[in-house]
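Report on the structure given below.
The values are calculated or read from the model by the stated rules, or taken from the named source; none is laboratory data. Please read all numbers here as calculations on a predicted model, not as lab measurements. Cβ: placed from backbone, ideal geometry, glycine included. Neighbour counts: every protein chain shown. To get the accessible areas, we keep the full protein, side chains included, count just its heavy atoms, and leave off ligands, DNA and RNA. Shrake-Rupley method; radii C 1.70, N 1.55, O 1.52, S 1.80 Å.
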Amino acid sequence: MTMPPALRKFTLVVHVTSSVSSLGAVACFLALGLVGLASADVDTAGSLYVAMDAIARLVIVPMVLASPSLITGLVQALGTVWGLFRHYWVLAKFLPTVLTAVVLLLQLDLIGYVAAEAAT
């Protein structure tokens, strides 16, 4: 089963765009965390952790789960000749993405706890 060329190109553009966007969101999250750790001002660090919670829940989770490699990658794999199991590298890209999404979801409670403590 293959997609029409126009749909294949569209899903590829969505896949690449959302993957790069999620990488940028994670980079912002990391930068806020590093600044928060290095900050001597308690108010600055606290506000950064609250911002990190918002970025994680409102930007990173939707990007990781909805757009990038999970859904669009699966559509690309199943809708093209590449397949999900035909080439090892397709599965090698997909499995770490699933693992990353699971770890992220497991860490959301900890991120929320740190943000709540920093806000008080």
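Numerical summary
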quantity: Of residues in the stretch 71-108 being within 16 Å of the chain's Cα centre (by Cα) and open to solvent by less than 50 Å² (accessible area, probe 1.4 Å), the one farthest from Ala6 (Cα to Cα); calculated: Leu108
quantity: Test for Ile111: is it at pLDDT below 90, outside any loop (DSSP other than H, G, I, E, B), among the β-branched types (Val, Ile, Thr) and open to solvent by less than 60 Å² (accessible area, probe 1.4 Å); calculated: no
quantity: Subset of the stretch 17-46 [among the aliphatic types (A, V, I, L, M), surrounded by 13 or more Cβ atoms within 10 Å (Cβ to Cβ) and modelled with pLDDT under 90]; calculated: Ala25, Val26, Ala45
quantity: Any hit, the stretch 52-69, residues being part of a helix (DSSP H, G or I), basic (Lys, Arg) and open to solvent by 90 Å² or more (accessible area, probe 1.4 Å); calculated: yes
quantity: Sole residue being free of Cβ contacts under 8 Å to residues at least 24 places away in the same chain and closer than 25 Å to Leu106 by Cβ, chosen from Gly46, Gly73, Gly24; calculated: Gly24
quantity: Residue count, the stretch 1-16 (criterion: in contact (Cβ under 8 Å) with a residue 12 or more places away in the chain, open to solvent by 40 Å² or more (accessible area, probe 1.4 Å), in a helix (DSSP H, G or I) and not β-branched (Val, Ile, Thr)); calculated: 3
